[in-house]
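> I am attaching a structure below and will ask some questions about it afterwards.
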Amino acid sequence: MAGFPKSGWRQYDATAGLAVLYSEKGRLDQAYELCRKELERSPDRKLVHEVMAAIAMQAREYDRAISEYNALLITDPSATSVISGWRKRFG
């Protein structure tokens, strides 16, 4: 699925992995809510911000996606792969 982080991470991050599985089944609200609750507990979870942004993109909620990507960059200013990914997708 375009937009989601690349392989290998699901086994290390259950929240992000479950959220992606929900989104793949079309359960975007449930996926987003799972991520939101996780970020309330641990706001510095970079991968969860990235997955949340991808879910918002899938739902065509672009403002919410931008907000999550911004939160990711605040958490990790070196997350330049996010910016290059946006450029590839949206030129």
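> Being surrounded by fewer than 19 Cβ atoms within 10 Å (Cβ to Cβ) and of a type in the set (D, E, K, R) is the filter here; which residues of the stretch 44-76 pass it?
Across the stretch 44-76, the qualifying residues are D44, K46, R60, E61, D63, R64, D76.
> Moving on to the next point. If I go through the stretch 49-79 residue by residue, how many of them are acidic (D, E), modelled with pLDDT under 90 and over 17 Å from L34 (Cα atoms)?
1
> Oh, and also: Name the one entry in G8, G26 that is at pLDDT 90 or above and assigned to a loop (DSSP other than H, G, I, E, B).
Testing whether each residue is at pLDDT 90 or above and assigned to a loop (DSSP other than H, G, I, E, B) leaves just G26.
The values are calculated or read from the model by the stated rules, or taken from the named source; none is laboratory data. What you are looking at is a predicted structure, and each value in this text was computed from that prediction instead of being measured. A quick note on method: Cβ atoms are made from the backbone with ideal geometry, for glycine too, and the neighbour counts reach across all protein chains shown.
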